[in-house]
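Reading through the structure tokens given below for one structure.
The values are calculated or read from the model by the stated rules, or taken from the named source; none is laboratory data. The structure displayed is predicted, hence computed values, not measured ones. For neighbour counting, all protein chains shown are included, and Cβ atoms are generated from backbone atoms with ideal geometry for every residue, glycine included.
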Amino acid sequence: MNPQDMKPKRDPWYRSKTFKRFRRNPLAIVGSLLLLGFVVVALLAPAITAPQLANTPSARPCLRDLGVKRSEAVEALRNPLNAVFWKAVLAPPRSCYNIPRASFSPLPKPPSKKHPMGLSGDSYDILYGLTWGTRTAFYVGFLVVGISLAIGIVIGGLSGFLGGATDNLIMRVTDVMLSFPGLVFVMIVSVIFGSGLTTVMLALALIRWAGYARFFRGDILRTKAQDFVDAARALGASPLRVFLKHVLPNAIGTLLILASMDVGAIVLTASGLSFLGLGAPVGYADWGQMISFARGYILGTAQGTPFDFWYVWIYPTLMLVLFGLAWNLLGDAVRDALDPKS
Amino acid sequence: MTTFIVRRLLQLPIVLLAISLLIFGMMQFLTPEQRAATFVKSEQQAQHLDQVIRQYNLDKGFFVQYGSWLKEVLHGNLGFSKQSHEPVLTTIAKRLPVSTELALYMFFPTLAFGIWMGTMAAIHRDKLIDQIVRVFAIAGWSLPTFVLAIWLLAVLYGYLHCCGIGRADDKYMVMFAQGTLKTYTGMITVDGLLNGRFDVFLSGLKHLVMPVLTYMVVASAQIMRVLRSSMLDVLNSDYVRTARAKGLPERVVNLKHARRNAIIPVVTIAGLMIAFMIEGVFFIEIIFNIPGLGQWSIPAAIQLDFPAVIGIALLTGVSVSLANLAVDILYGMIDPRISFQ
């Protein structure tokens, strides 16, 4: 008999108990739907904002880089049979991330037919900034999670595998990283390397790995203590083989799932930094930046009409909060499903 | 207990040394001219940077440089901030009380509110109040500090005209500036009371409403979550059942038996909260126009004012280590089972 056949048959993931628990949680469904909405908005950003691209003179570099004429832009960007549509959806040029300005007026303008969500401070189109900003949000979130997870897995893995003094030293370093405020760290990094989206992402990744390394180390130690690891060792497998073949695959799953739920938190942090002026360059489509355009207009006009410029701050903040909410609902449901006790 | 505290205190210099090495290590990415800025004491000196470079061995090896830098830092010379046009230490001395006052008023209500919510949710598990608290927690968790601050600013200040931005009413700020009211600590509420002026104290409190409310909603969620789950564990334990079986009133069982033990993980979270709180203070200062450390150092970071940012980094490192020390000692006092290995 082939030893492979002796293994108990495992249910596919979609029939597992964990997934069932997740699926039955109504909050998980709400979170998933919200998130799906954000994915659609991000993907269809060029189609949604096609009229703004066609009608705002400052959007010309984007149209030029896409290779489409102004008169044909709306038609082309909304027609999935056109090659321009796919180019704009899948690989938009950098110039398309610049929010078009309707004029040089510093004052916001209320929603109109041409600009459905209105114009923010300095006449930046709000709808454009928010839809393309969704792309920036996903990009920043996934990239920071990816980089910090990679660092965390390597360092946490080393810590759990080697143990002893190395483990102790690494854990003390993570202690320091975890108790140091991220904002101050980003300030140091951006003063040294110059501020910008890349710097912020780098700085966030350099802070967040510590949490993952710790978590991963804990899971490795738990897995190491299980019987099947002892069995593998008893069969004469080398320590490295035991680690790579038996410990690592069993310890890594939870970390990957939980870390992927951090995308929301990272986007909230990155937006906060952009709001302060430490993130994206001026005019780059980014939610935090949209909120910072609104800063001077939150209290309305001097005549004492507070909600005069409601559209400049309500839309961007709502977008950001819904994004955070979607990930947190999802993350909460995932944690509940993985650990039914909590 | 005493040996535990003494041992923990002895660790502090090592931690501080490590932090200073880390910050100095990061400074090595700067050019000698930029590093020289962190030694300069006045604008005149800034004109002769090459002299400064030679004086502080900035063209020598790493450890020689580190030695002369550490000596300057220990003597209180953190360089000259171009953002505030004065030595970094002077600015910090002026602004630290403002941020500290804010942080103290933010910390305790948040802690109390989080503990109260966590207790209620755990006692009434799966009842309506538990559901409300949990939804509130997820909502609070998803709200970034700066977004909630903007909403409160628009609604409470812009629309309802209650509370206030800044630190106190303008007339009191003018009186402080002119010297009619004496400045003792730099904290408005404390100084108001020391001057015997209750109205100043009240004005200070009124201007703290929005910052404290912002932080309470954003940060109490985490405390609530931790306390709720640890309280649920404790409520299922044998000694709680024994206490109930003895016929003790429910209130005594919940608060005296269960919560006392469930609160230990909250102390850990309170320690981690300190780092989060520094960020919160910075955002809140910027949005509510409070002239504390954040309102100076964040523009400084954008303007590439190295000395200011490095000064803030050192200050943060020291205060976080001190706070962690306090939490560790508190931990040992609350839970006698914990001792130092």
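Out of the residues in segment A:77-103 that are small (Gly, Ala, Ser) and farther than 14 Å from residue A:55 by Cα, state the one that is nearest to the chain's Cα centre (by Cα). Looking at residues that are small (Gly, Ala, Ser) and farther than 14 Å from residue A:55 by Cα, I get A:91. Looking only at residues that are out of contact with any Gly (no Cβ under 7 Å at 6 or more places or on another chain) and not small (Gly, Ala, Ser) in segment A:258-288, which one is farthest from residue A:100 (Cα to Cα)? Only one residue tops the list, namely A:258.
Against the criterion of being modelled with pLDDT under 90, surrounded by 15 or more Cβ atoms within 10 Å (Cβ to Cβ) and small (Gly, Ala, Ser), residue B:103 does not qualify. Among the residues of segment B:32-45, are any more than 27 Å from residue B:274 (Cβ to Cβ), assigned to a loop (DSSP other than H, G, I, E, B), within 14 Å of another protein chain (Cβ to nearest Cβ) and touching a strand residue (DSSP E or B) at 6+ places or on another chain (Cβ under 9 Å)? Yes - at least one qualifying residue is present in segment B:32-45. Among the residues that make up segment A:94-116, is at least one of them at pLDDT below 90, within 29 Å of residue A:203 (Cα to Cα) and surrounded by fewer than 16 Cβ atoms within 10 Å (Cβ to Cβ)? So far as segment A:94-116 goes, yes, one or more of its residues are at pLDDT below 90, within 29 Å of residue A:203 (Cα to Cα) and surrounded by fewer than 16 Cβ atoms within 10 Å (Cβ to Cβ). Contact annotation: no residue pair with Cβ atoms under 7 Å, 6 or more positions apart or on different chains, pairs a residue in segment A:147-173 that is over 17 Å from residue A:242 (Cα atoms) and free of Cβ contacts under 8 Å to residues at least 12 places away in the same chain with a partner that is of a type in the set (Val, Ile, Thr) and assigned to a helix (DSSP H, G or I). Scanning segment B:193-229 for residues that are touching a Phe, Trp or Tyr at 6+ places or on another chain (Cβ under 7 Å) and touching a residue at least 12 places away in the same chain (Cβ under 8 Å) yields a total of 11. Selection of first residues in segment A:29-45 that are under 20 Å from residue A:133 (Cβ atoms) and of second residues that are surrounded by fewer than 18 Cβ atoms within 10 Å (Cβ to Cβ) and among the β-branched types (Val, Ile, Thr), restricted to Cβ pairs under 7 Å at least 6 apart or on distinct chains, gives the following pairs, ordered by first then second residue: A:43/A:89.
Quick grid of which residues meet (1) within 30 Å of residue A:333 (Cβ to Cβ); (2) of a type in the set (Phe, Trp, Tyr):
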{"position": "A:13", "(1), (2)": "yes, yes"}
{"position": "A:16", "(1), (2)": "yes, no"}
{"position": "A:42", "(1), (2)": "yes, no"}
{"position": "A:62", "(1), (2)": "no, no"}
{"position": "A:90", "(1), (2)": "no, no"}
{"position": "A:95", "(1), (2)": "no, no"}
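Every listed requirement among (1) within 11 Å of chain A (Cβ to nearest Cβ); (2) closer than 23 Å to residue B:119 by Cβ; (3) buried (at least 22 other Cβ atoms within 10 Å of the Cβ) is met by residue B:145 save one, (2).
Identification of helices (runs of 4 or more DSSP H) wholly contained in segment B:59-171 with 1 or more residues that are over 29 Å from residue B:313 (Cβ atoms) yields B:88-123, B:128-142, B:145-152.
Report whether or not residue B:96 is at pLDDT below 90 and of a type outside the set (D, E, K, R). Considered against the rule, which asks whether it is at pLDDT below 90 and of a type outside the set (D, E, K, R), residue B:96 comes out as no. Give the residues of segment A:272-281 that are assigned to a loop (DSSP other than H, G, I, E, B) and either under 20 Å from residue A:311 (Cα atoms) or at the interface with chain B (Cβ under 7 Å from one of its Cβ atoms) (or both), sorted by residue number. Scanning segment A:272-281 gives A:277, A:278. Being in contact (Cβ under 8 Å) with a residue 24 or more places away in the chain and under 24 Å from residue A:194 (Cβ atoms) is a description that does not apply to residue B:5. For segment A:202-242, filtered to residues that are assigned to a loop (DSSP other than H, G, I, E, B) and at negative phi, the residue that is farthest from the chain's Cα centre (by Cα) is A:235. Return the residue satisfying two criteria in turn: it lies in segment A:145-173 and is β-branched (Val, Ile, Thr) and surrounded by fewer than 21 Cβ atoms within 10 Å (Cβ to Cβ), and of such residues it is farthest from the other protein chains (Cβ to nearest Cβ). The extreme case among them is A:153.
I want to confirm something. Restricting to segment A:175-184 and keeping residues that are in contact (Cβ under 8 Å) with a residue 12 or more places away in the chain and over 19 Å from residue B:12 (Cβ atoms), which single residue is nearest to the other protein chains (Cβ to nearest Cβ)? Once the filter is applied, the top-ranked residue is A:183. Selection within segment B:230-277: residues that are free of Cβ contacts under 8 Å to residues at least 12 places away in the same chain and within 12 Å of chain A (Cβ to nearest Cβ). The member of this set that is surrounded by the most Cβ atoms within 10 Å (Cβ to Cβ) is B:272. If you filter segment A:185-194 down to residues that are surrounded by 21 or more Cβ atoms within 10 Å (Cβ to Cβ) and facing chain B (nearest Cβ under 7 Å), you find that the one that is nearest to residue B:15 (Cα to Cα) is A:188.
Under the condition of being of a type outside the set (S, T, N, Q) and more than 8 Å from chain A (Cβ to nearest Cβ), which residue from segment B:304-322 is farthest from residue A:189 (Cα to Cα)? The extreme case among them is B:322.
For residue B:295, the conditions (1) within 30 Å of residue B:151 (Cβ to Cβ); (2) of a type in the set (S, T, N, Q); (3) touching a Gly at 6+ places or on another chain (Cβ under 7 Å) are fulfilled apart from (3). The listed residues are B:29, B:24, and the only one of them that is surrounded by 14 or more Cβ atoms within 10 Å (Cβ to Cβ), touching a helix residue (DSSP H, G or I) at 6+ places or on another chain (Cβ under 9 Å), within 14 Å of chain A (Cβ to nearest Cβ) and of a type outside the set (A, V, I, L, M) turns out to be B:24.
Does segment A:277-301 hold any residues that are free of Cβ contacts under 8 Å to residues at least 40 places away in the same chain and hydrophobic (A, V, I, L, M, F, W, C), and which are they? Hits for segment A:277-301 are A:282, A:291, A:298, A:299.
In segment A:317-337, the residues that are facing chain B (nearest Cβ under 8 Å) and free of Cβ contacts under 8 Å to residues at least 12 places away in the same chain form Cβ pairs under 8 Å with partners that are buried (at least 23 other Cβ atoms within 10 Å of the Cβ) and small (Gly, Ala, Ser), at six or more places apart or across chains, as follows: A:321/B:142.
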